[in-house]
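The values are calculated or read from the model by the stated rules, or taken from the named source; none is laboratory data. Computed from a predicted structure; not experimentally measured. Here the Cβ positions follow ideal geometry from the backbone for every residue, glycine too, while neighbour counts run over all protein chains shown. With ligands, DNA and RNA removed, areas are computed over all heavy atoms of the protein, side chains included. Shrake-Rupley method; radii C 1.70, N 1.55, O 1.52, S 1.80 Å.
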Amino acid sequence: MTTAPHHLASVFVELAGGGAPGPPGVPTLLARLTRHSRELLGVRATGVAFLPTSRDAPQVAGSDEGVRRLEQDSAAWDEGPGPACRRSGTALRGTALAGSVARQRWPRYAPRALALDCTHVAALPIRSHSGPVGALVLLAGRHPQLTGDLMALGQSLADFAAVTLVREHEVEAGRALAAQLEHALANRVVIEQAKGALTARHSLSPDAAFTVLRTYARSHQRLLTEVAREVVEGRLDPRRPTK
């Protein structure tokens, strides 16, 4: 299969995050990788699982919904060509799914893939500077053409996408951390405001005011920040008995 150089260049631009305003995000990049790898490599279907750290849930995409569900289950089972490739960090060459080796190694994965009319599978590692962070799975039909050149092109796509995927993951993780810190700071501010209100209202020390807030929240099984916010808004005085 030959590919026009300008088309191949446009694919790499998309995998680098180009083609749309703003950052594409990990799900969009995974969808691009599965779509373009299926087209360029001439396979029946492709799937990808991205797992940047052991603390993260795998993010999965597929060139069609059946493959996406299969790769989602494969990641949950930790069974199949994708997890095996990610663990080893090396490419998995074309394997017949109907063969005894595949059925023994992947007793759940192989029958599901065969049911999708895929008879052969290969997998390529998605690698970052710290090691494998996922795998690109290539599912072929009855006459697979997974030649060395196509596997090399597939690995180039996976390697190129890995740089952008890791970058976008770090950006998203940074945004999530910033949001958590902002939320924690906002909660701290309202608690300090509530302590100040109780200190002025009842001539309490800041420590005593905090004890009043915490005791009220625990005894009423409420969040401390909710109680503090109502104190600041003048809707609650935890030192007065409720009617």
Residue list for the stretch 74-90, restricted to those being under 13 Å from I126 (Cα atoms) and not in a helix (DSSP H, G or I): G89, T90
Which one of these is assigned to a helix (DSSP H, G or I) and free of Cβ contacts under 8 Å to residues at least 12 places away in the same chain: A110, A184, A161? A184
Listed residues G47, G66; which is on the phi < 0 side of the Ramachandran plot, part of a helix (DSSP H, G or I) and surrounded by 14 or more Cβ atoms within 10 Å (Cβ to Cβ)? G66
Tabulated pairs, the stretch 195-211, first closer than 19 Å to E226 by Cβ, second open to solvent by 40 Å² or more (accessible area, probe 1.4 Å), C-beta under 7 angstrom, 6+ apart or interchain: K195/P206; K195/F210; A197/V232; A209/T199
Number of the exception - G154 against (1) in contact (Cβ under 8 Å) with a residue 60 or more places away in the chain; (2) open to solvent by less than 30 Å² (accessible area, probe 1.4 Å); (3) more than 30 Å from A98 (Cα to Cα): (3)
For the stretch 193-204 the number of residues that are open to solvent by 60 Å² or more (accessible area, probe 1.4 Å) and over 18 Å from R235 (Cβ atoms) is 1
Pairs only if they're at least six apart or on different chains, beta carbon under 7 angstrom, first in the stretch 218-229 and in a loop (DSSP other than H, G, I, E, B), second surrounded by 17 or more Cβ atoms within 10 Å (Cβ to Cβ); list them, first residue then second. L223/A217
For the stretch 81-100, pairs from a residue that is more than 16 Å from L51 (Cα to Cα) to a residue that is open to solvent by 40 Å² or more (accessible area, probe 1.4 Å) and not aliphatic (A, V, I, L, M), with Cβ under 6 Å and 6 or more apart or across chains, are G94/H120; G94/P144; A96/H120
Going through the stretch 94-112 one residue at a time, which ones are farther than 14 Å from A140 by Cα and either open to solvent by 40 Å² or more (accessible area, probe 1.4 Å) or touching a helix residue (DSSP H, G or I) at 6+ places or on another chain (Cβ under 8 Å) (or both)? S100, V101, A102, R103, Q104, R105, W106, P107, R108, Y109, P111
Do the conditions hold for A98, that is, is it over 22 Å from H36 (Cα atoms) and in a helix (DSSP H, G or I)? no
What are the residues in the stretch 69-93 that are surrounded by fewer than 17 Cβ atoms within 10 Å (Cβ to Cβ) and closer than 18 Å to A140 by Cα, if any? R69, R93
